[in-house]
Each structure stands twice: as C-alpha cells, then as structure tokens.
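**Q** Below is a structure I'd like to ask you about.
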Amino acid sequence: MIRLGVLVSGGGSNLQALLDAIAARTLDAEIAVVISNVATAGGLERARKANVPAVAVDHKAFSSRQDFDAAVVAKLREHKVDYVVLAGFMRIVTNVLLDAFPMRVVNIHPALLPSFPGVNGQGQAFAYGVRVAGCTVHFVDGGTDTGPIIAQAVVPVLDTDDEHALQQRILEKEHALLPAVVQWIAEGRVRVVPREGQRPRVEVRGVVPVLGLPC
C-alpha cells in the first residue's frame, strides 16, 4: 500500500474521488495527509471528515515559492508520504518539491495535454472549438503541465454544450481517471522510460491508459 500526500487549493472533489475509491477498496492506498495553501479550502474539510490529517500552509507567509515548497516537503516527510498528488492545487511547484519526490508527483489536468496547459484548460478547449476534450494525469516536471503523460480520458464536445456543461463532464472523467492511475502506480504498473533525444514516455503495463468515448 502506498502513502499519498494530496495537495489541494479548493473544494477537493478529486480528493473525494480518491477517498471514495479507498473506501470502496478499489484503490490500495492510504492518504497520509492533505495539505492546502488556503486555510478555508473545502478539501481540508473533506479530509477532516474522513479522519485524514489536514494541514494548512499559507503561501503568503513565505518570501519565495521555494521556501513555501520546503515547508510543504517537511509536512509530507513528517507523514512518510510515498507519492504526492496535486488535486486542484493552484500553485506552480518548484524543484524543491520535485527533487524531494522525483517522478513521484502526479497531477490531474482538465485538458488533453499537450493542448491547453495552464489555467482553465476546459475553457481554453471550448473557446478553441475542439470536437473532443478531456483530462490528463501526468507526472510533474519543471514546466507547466509538461511532464510525462500517464493516462488520458476523452469526452465529446456536444453542439448543445456551454463551457460549464463541458467542465462538468470532464470533471466526471477526472473522478474516474485519477483513482485508476493511482491504483496502477500502487500495483507497480507504471514506469517512466527515458528516450534519447526525445521526451520521456510512460509505460503502463497490462492496461490501456485511455478512458474514451462515449461519455
């Protein structure tokens, strides 16, 4: 069983998906601690209701991103975390965190990377007029949503969609994809393969790492 540290900034619906999967015994993991940079984040309350340690670390109290990340790393180590999951964590992490957990920081992004990185990937995709959208789980590197892709889920963009409807349908896929990927990691199915002159590629043994149409 792997021990997770989950970082959140908001309501924590993807955190809840992990908690629910653990309760249903479809995810062989333990959430050791939930950390937020926002003391009033709903994700912290979800953690408390699940009897999971919930810690607020105010980024405004630190003079640099590196100092903030060092404080977060200290909390993660205190709780003996194996992997870090960014579940709606609205901070750019630095090498302080990435070096402490090399290729063990996982992010869920609401778009089909490498398209539409950064903030509001769903809105970017909708504004662009794509016919399919979705979400991506990837390992985090030093760029903005540029790390090796583990898995993706796809939804159609319907003629009747507005941005909100598309966001909600993507969110449903996030709630399925993130626990599935963390379970693959727990089972030892996931490994990063360096490739000379190319970006690293993730191999996932024994499963097809795409959740597809129809929605």
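**Q** Can you pull out every residue in the stretch 132-147 that is surrounded by fewer than 17 Cβ atoms within 10 Å (Cβ to Cβ) and within 15 Å of LEU112 (Cα to Cα)?
**A** VAL132, THR144, THR146
**Q** Would you check which residues across the stretch 57-99 are surrounded by 18 or more Cβ atoms within 10 Å (Cβ to Cβ) and either outside the structural domain of ALA29 (by TED's automatic domain parsing) or under 15 Å from the mean Cα position of the chain (by Cα) (or both) and list them?
**A** Within the stretch 57-99, TYR83, VAL84, VAL85, LEU86, ALA87, GLY88, PHE89, VAL93, LEU97, LEU98 meet the criteria.
**Q** Which residue, of ALA41, ALA54, ALA50, ALA21, is crowded, with 18+ Cβ neighbours inside 10 Å and over 26 Å from VAL119 (Cα atoms)?
**A** ALA21
**Q** Might you check whether a residue that is surrounded by 12 or more Cβ atoms within 10 Å (Cβ to Cβ), hydrophobic (A, V, I, L, M, F, W, C) and within 27 Å of THR26 (Cα to Cα) occurs anywhere in the stretch 191-203?
**A** Taking every residue of the stretch 191-203 in turn, at least one turns out to be surrounded by 12 or more Cβ atoms within 10 Å (Cβ to Cβ), hydrophobic (A, V, I, L, M, F, W, C) and within 27 Å of THR26 (Cα to Cα).
**Q** THR26 passes all but one of (1) polar (S, T, N, Q); (2) under 28 Å from GLU203 (Cβ atoms); (3) without any contact (Cβ under 8 Å) to a residue 24 or more places away in the chain; which number fails?
**A** Unmet for THR26, out of (1) polar (S, T, N, Q); (2) under 28 Å from GLU203 (Cβ atoms); (3) without any contact (Cβ under 8 Å) to a residue 24 or more places away in the chain: (3).
**Q** State which residue is modelled with the highest pLDDT when the search covers only the stretch 188-213 and only residues that are of a type in the set (Gly, Ala, Ser) and more than 12 Å from GLN152 (Cβ to Cβ).
**A** Here the residue is GLY188.
**Q** While we're looking at this one, here's another question. Mind checking which pairs have a first residue in the stretch 87-113 that is under 24 Å from PHE62 (Cα atoms) and a second that is acidic (Asp, Glu) and assigned to a loop (DSSP other than H, G, I, E, B), Cβ under 9 Å, 6 or more apart or different chains?
**A** Cβ pairs passing all conditions: LEU98/ASP141; PHE101/ASP82; VAL105/ASP141; ASN107/ASP145.
**Q** Scanning for something part of a helix (DSSP H, G or I) and either among the small types (Gly, Ala, Ser) or farther than 23 Å from GLU172 by Cα (or both), does the stretch 80-90 turn up at least one residue?
**A** No, the stretch 80-90 contains no residue that is part of a helix (DSSP H, G or I) and either among the small types (Gly, Ala, Ser) or farther than 23 Å from GLU172 by Cα (or both).
**Q** Hey, does the stretch 151-162 have a residue that's in contact with a helix residue (DSSP H, G or I) (Cβ under 9 Å, 6 or more places away or on another chain), assigned to a loop (DSSP other than H, G, I, E, B) and of a type in the set (A, V, I, L, M, F, W, C)?
**A** yes
**Q** Does at least one position in the stretch 164-181 carry a residue that is more than 18 Å from the chain's Cα centre (by Cα), more than 17 Å from ALA21 (Cα to Cα) and surrounded by 12 or more Cβ atoms within 10 Å (Cβ to Cβ)?
**A** yes
**Q** Follow-up. Is there a residue in the stretch 112-129 that is under 19 Å from ILE31 (Cβ atoms), out of contact with any Cys (no Cβ under 9 Å at 6 or more places or on another chain) and among the aliphatic types (A, V, I, L, M)?
**A** no
**Q** Ok, one more. Of all residues in the stretch 1-18 being under 12 Å from the mean Cα position of the chain (by Cα) and in a helix (DSSP H, G or I), which is nearest to ILE108 (Cα to Cα)?
**A** ASN14
**Q** Keeping to the stretch 19-37, report how many residues are in a strand (DSSP E or B), farther than 13 Å from GLN183 by Cα and not aliphatic (A, V, I, L, M).
**A** The number of residues fulfilling the criteria is 1.
The values are calculated or read from the model by the stated rules, or taken from the named source; none is laboratory data. Note that the coordinates shown come from a computational prediction; the quantities given were computed from them, not determined experimentally. No Cβ is skipped: glycine too gets one built from the backbone with ideal geometry, and neighbour counts run over all protein chains shown.
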